[in-house]
Amino acid sequence: MPYRKIEFRTGHYYHLYNRGINRQPIFFCDENWGFFIKRLRHYFLPELVDILAYCLMPTHYHLLVYLKIDNPSKQIMQPFSLSYTKAINKQQGRVGPLFQGPFQATWVDRDEYLLHLSRYIHVNPVTAGLVERPEEWIFSSYRDTIGLREGTLPVPDMILSQFPSRQAYRAFVESYRDQDALVIEHLLFDED
């Protein structure tokens with residue numbers, strides 16, 4: 001089992017993410033996106049973890065979570081990843097790993113990082129050139145966070161509590177500039 005650089009602890013925030021092997025797609029048809037969300041609902045139970053923000057991209061995913069247990073690897077992430085990989089492999093007639101390796105995780109140790117990371121996650125489809133505005137990307141929690149959709153998966157209360165209104169959070173997200181990622185670059189994909 002690979003050694004983790006960070007220790008998971010109850011009551012802390014983490015950025016969990018992974019990408020497809022060789023940076024290949026992890027979604028192959030429309031149904032895959034919904035199935036991924038169903039797997040999140042199945043394994044990311046409210047008594048174990050809160051998902052504050054998420055974004056599914058063609059080749060990777062981002063989850064901003066608050067842990068209610070000490071080690072999500074065995075209870076949540078391993079069965080979640082294995083379940084999704086097995087289903088995709090069966091559907092696509094493929095074998096082997098779907099993801100680049102074990103999921104990546106970074107500890108979000110300051111509220112400032114939490115806010116910037118949620119913004120980064122929500123603008124990811126825009127910076128990737130998939131949509132013009134973050135609310136156009138339906139495979140993220142942004143629409144739920146700003147009140148355009150009544151989703152039950154994300155729990156954005158901690159993020160929204162830092163703003164006077166949902167509109168203020170929306171203005172914060174829409175003010176994103178590429179240089180803003182420098183604040184949280186240590187919480188993002190390791191490019192090696």
Global geometry of region 1-72, whether rounded, prolate or oblate, following the gyration tensor of its Cα atoms and the 1.5 cut on a/c: oblate
Förster radius 35 Å - calculated FRET efficiency between E47 and R166 (Cβ-Cβ, nearest 0.05): 0.85
Spin-label model distance (nm) - E174 vs E31, 7 Å beyond Cα toward Cβ: 3.8 nm
Distance between modelled label sites at V131 and V95, nm, 7 Å Cα→Cβ extension: 3.9 nm
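Relative to the Cα centre, what is the charge dipole magnitude of the chain, using +1 at the beta carbon of each Lys and Arg, -1 at the beta carbon of each Asp and Glu, and rounding to the nearest 20 debye?
Values: 21 positive and 22 negative charges, 141 e Å.
For the chain, the charge dipole is close to 680 debye.
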Hits among aspartates and glutamates - C-alpha to C-alpha of K90 under 19 Å, sequence gap 8 or more where chains match: D30, E31
Alpha-carbon radius of gyration plus Dmax, which is the widest Cα pair, for the chain in Å: 15.9, 49
Top of I51, I21, I121 by mean-square fluctuation, Gaussian network on the chain, Cα under 10 Å: I21
Gained length - K68 relative to T10, 0.36 nm times residue gap less alpha-carbon distance: 20.4 nm
Bridge type composition, the chain - antiparallel percent by DSSP, nearest 5: 95 percent
Hits among aspartates and glutamates - C-alpha to C-alpha of K74 under 14 Å, sequence gap 8 or more where chains match: E7
More than 13 Å apart - percent of Cα-Cα pairs taken over region 93-161: 72 percent
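Given the rule -39500 (n - 2.57) for each run of at least 4 DSSP H residues, summed and divided by the residues of the chain, what is its mean residue ellipticity at 222 nm, to the nearest 500 deg cm²/dmol? Please report the intermediate quantities before stating the final value.
Numbers: 6 runs with 63 residues, N = 192.
For the chain, the value works out to -10000 deg cm²/dmol.
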Neighbour count of at most 14 Cβ within 10 Å plus DSSP loop: longest trypsin sites (Lys or Arg not before Pro)-free window in the chain: 10-67
Stretchable slack from Q24 to L188, in nm (0.36 nm times residue separation minus alpha-carbon distance): 57.2 nm
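Read-outs throughout are calculated quantities, based only on the coordinates presented, and are distinct from any laboratory measurement. What you see is a predicted model, and the numbers here were worked out from it, not measured in a lab. Backbone-built Cβ (ideal geometry, glycine too); neighbour counts: all protein chains shown.
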